[in-house]
Structures are given as structure tokens and as C-alpha cells.
Amino acid sequence: MRDVAQAAGVSVASASVALNGRSGVAADTRARILEAAERLGYRANPQAQALRRGRTSTYAFVVRNFTNPFFLDVISGAEEVAARAGASLLIADSHYSLTREAEQVRAMAGRHCAGLAIAPVGTGGSIRLWQSLRPGMPTVALNAAAPGLEGVSRVAPDNAAAVRLPLERLAELGHTHVAFLTAPRGLMADPDRLRSFRREARRLGLRGDVVPGPLTIADVHATTLRVLSASDPPTAIVANSDYTAHGVYTAVRELGLDIGGTVSVVGHDDLPTSALLDPPLATLRLDRRAMGRALMERLISHGAAQDHREPVELVERPSLGPPRHLRVASRSRARHPRSAARSPAAATTR
């Protein structure tokens, strides 16, 4: 800055005003300063500016699992808004580690980031850490309830509908035993989804098995093998995402079972690859980029906390069907309609 000021024949204060786009210098003086800066190759140091101002136009975004395409789409939506606002995103992946997540939040605070968006691990300890390190800076929780925390905007799917819709359809198809894959209690960020599952299973008269475990494809594969190898296995599995549903698919095939027949599978997110699976995956559709845009708008506004609930819809595909025994009974009645109608046993059953 001093070199630019000397080359332009002005004070350091005037050079600073011109280079930061503020008013206060004459047009010809500003042009002379900018020409000197270009000639000398001067570039502002964002970290030095952050130290001086106490904030930057850079925002932090910490996700749980960067390999899940859901987060990539959310980030794309967030970057649309950031680009229009002249802001930037600094992105990190916690890999479902509480320790790693806390380290990343400390690093983001040390960079004087102007706000934090986070898909947290657990109940929000890292959000509390951020608020203590950067008080007053905006915070957005993605896919997380963040219970007991104030000043936090929450951006999430309509979790109640995301559970109600598939369970109602499964009950209509004749399923009575459904497994629900979820994160372990200590790592669960959206307990409202689990509460909705228990409530809806009771309402619909379903046997609902809550199956906690790490939400990686390998762990979901191992969990599914265990669940389906039980003496009384479920006839349907509701996964937390299309990404982890891949682990369910591989386990079902490994056991020689039929997806959509022996076991129905429902995902969440409607990733582009889900319709290409064999059979195509039934899932919950939502606008992932819209969630990213809502997230970034709340970060850059620096306004009061405001939640955003993204609508969902059930997309039915062949991975969702009636249980095997109902399929067999239906085919039998179709082949022998008269004998079935005359059968005393059939009449008693009905």
C-alpha cells in the first residue's frame, strides 16, 4: 500500500480509500492510484483486511460427508447466491467426526469468516463453539434440529412429510414391518425425523424397527446384512438418503433377495443416479439447490434467524412394491378366480 501511494504521489490513506472502492478521492486521483497498483502488481490481502475489519466476505460451510452428492448440489445453490453478492465460500468436510468438525470451526473462526453454515454432527456442539468464537456472526444449520440454540437459521427438508409419505404408501401396499436407518444417537443431527418415524409407525399400526449405525455405504451394507438375516426380517427399509441406499442394494443382492419384491427400499434426495439403479430407487424428491440458495441468503443477510423447510414429494419406482407373500396370493387368485371364490378357507380369511 505504501509503495502504491508513493508511486501515485498520494498519502497511504488516499491509496487505501481508492483501492477499497470508497468515496473520498477525486476521479483523476483514483485513476492514478489504480494505475500505480496495476503497474506494481498490488493485490489486497484478504486476511489482513479481515484482521482490521473483524470480518470478511468469506463464509464458512462445514458438511458431514462430501462424497454424498446431496451436499454438492446444496453447495452449488449456495455458490449461486454467493457469486451474485460478491462473496465466497470456504468449504470443509468433517467426515462425521466431532473432533474434526470442532477443529474446522475453530479454523474458520480464526480466518474471521463472516458466517457459518454447517451440517453438524450430533446436537450442535460445534455451533455453540462458533457462537462463542464469533459472537453475532450468522449461523445456519443444514439438516439439523440444533435444539436449544438461539440465533440459528435452520434449513432442512420437511422431515415430517419425508417420513409420513413413504410409510403411508408402504402400509397401503401391505407392509407391516419396516426398518428405519438412522445415525447413532450421539451423531444424530435430526432427531425430529426419528420422532416422526415412531409416531407414524404407531399411527399406521406398523412394526417399526429403528436401526442406528454409521451412515457410510460400507456400514449401511453391513447393517442391512444383519437386519435382513434375522429370523423375522422387515419387508421394507427406509434409508436416510439415496447415497446410503446403495449400501442397502448391495446387501440385498448379496443375500439373494429381490429388491421391490422380497424387500422394498425407499431413499431420500432423488439423486440423478437413483433412477438408473436396477431396479430404479423410490425416493423423496426435493430441490437441493434451493436449499443451498436459502442457506446462503440467510448467511449474507446478517438478519434475524429465519428457518426454511423444503417441500418433499414421494417418487414411486420399482424398488417399492407389495411384500412377496401378497404378490404370490394376488397371482394365485388371478390364475384360479373361481376356485378361490368357492374356497371356504378363502372366504374365512376375507
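Out of Gly261, Gly267, one residue alone is open to solvent by less than 20 Å² (accessible area, probe 1.4 Å) and touching a Leu at 6+ places or on another chain (Cβ under 7 Å). It is Gly267. Pairs linking a residue in region 221-239 that is within 12 Å of Ala179 (Cα to Cα) to a residue that is assigned to a loop (DSSP other than H, G, I, E, B), with Cβ atoms under 6 Å and 6 or more positions apart or on different chains, are Thr223/Gly213; Leu228/Leu255; Thr235/His175; Thr235/Pro323; Ala236/His175; Ala239/Gly267.
When the residues of region 170-205 are narrowed to those that are of a type in the set (Gly, Ala, Ser) and free of Cβ contacts under 8 Å to residues at least 40 places away in the same chain, which ends up nearest to Thr216 (Cα to Cα)? Among those residues, the one meeting the criterion is Ser196. Within region 146-167, the residues that satisfy the criterion of being open to solvent by less than 30 Å² (accessible area, probe 1.4 Å) and either among the hydroxyl-bearing types (Ser, Thr, Tyr) or part of a loop (DSSP other than H, G, I, E, B) (or both) are Ala146, Leu149, Ser153. Within region 240-260, the set of residues being without any contact (Cβ under 8 Å) to a residue 12 or more places away in the chain and either over 26 Å from Asn65 (Cα atoms) or among the hydroxyl-bearing types (Ser, Thr, Tyr) (or both) comprises Gly256 only. The residue of region 63-79 that is surrounded by the fewest Cβ atoms within 10 Å (Cβ to Cβ), among those that are β-branched (Val, Ile, Thr) and under 15 Å from Met291 (Cα atoms), is Ile75.
Residues in region 28-41 include none that are part of a loop (DSSP other than H, G, I, E, B), buried (at least 18 other Cβ atoms within 10 Å of the Cβ), at pLDDT below 90 and over 17 Å from the mean Cα position of the chain (by Cα). Answer yes if at least one residue in region 186-209 is at pLDDT 95 or above, in a loop (DSSP other than H, G, I, E, B) and not acidic (Asp, Glu), and no otherwise. Checked against the condition, which is being at pLDDT 95 or above, in a loop (DSSP other than H, G, I, E, B) and not acidic (Asp, Glu), region 186-209 yields at least one hit. When Val265, Val248, Val227 are checked against the criterion of being in a helix (DSSP H, G or I), under 20 Å from the mean Cα position of the chain (by Cα) and among the β-branched types (Val, Ile, Thr), a single residue qualifies: Val248.
Once region 210-220 is narrowed to residues that are under 21 Å from Leu98 (Cβ atoms), outside any helix (DSSP H, G or I) and without any contact (Cβ under 8 Å) to a residue 60 or more places away in the chain, the residue that is least open to solvent (accessible area, probe 1.4 Å) is Gly213.
The single condition among (1) under 30 Å from Thr58 (Cβ atoms); (2) hydrophobic (A, V, I, L, M, F, W, C); (3) surrounded by 15 or more Cβ atoms within 10 Å (Cβ to Cβ) that Val238 does not satisfy is (1). Residues of region 80-119 that are in a loop (DSSP other than H, G, I, E, B), crowded, with 19+ Cβ neighbours inside 10 Å and small (Gly, Ala, Ser): Ala87, Ser94, Ala114, Gly115, Ala119. Met296 falls short on exactly one of the conditions (1) within 21 Å of Leu181 (Cα to Cα); (2) modelled with pLDDT of 95 or more, and that condition is (1). With respect to being farther than 13 Å from Gly292 by Cβ, open to solvent by 10 Å² or more (accessible area, probe 1.4 Å), at pLDDT below 95 and not in a helix (DSSP H, G or I), Gly122 falls outside the description.
The values are calculated or read from the model by the stated rules, or taken from the named source; none is laboratory data. If you're wondering where the values come from, they're calculated on a predicted model, not measured in any experiment. Note that we place each Cβ from the backbone using ideal geometry, even for glycine, and neighbour counts take in every protein chain shown. We work out accessible area using only protein heavy atoms, side chains counted, and drop any ligands, DNA or RNA first. Shrake-Rupley method; radii C 1.70, N 1.55, O 1.52, S 1.80 Å.
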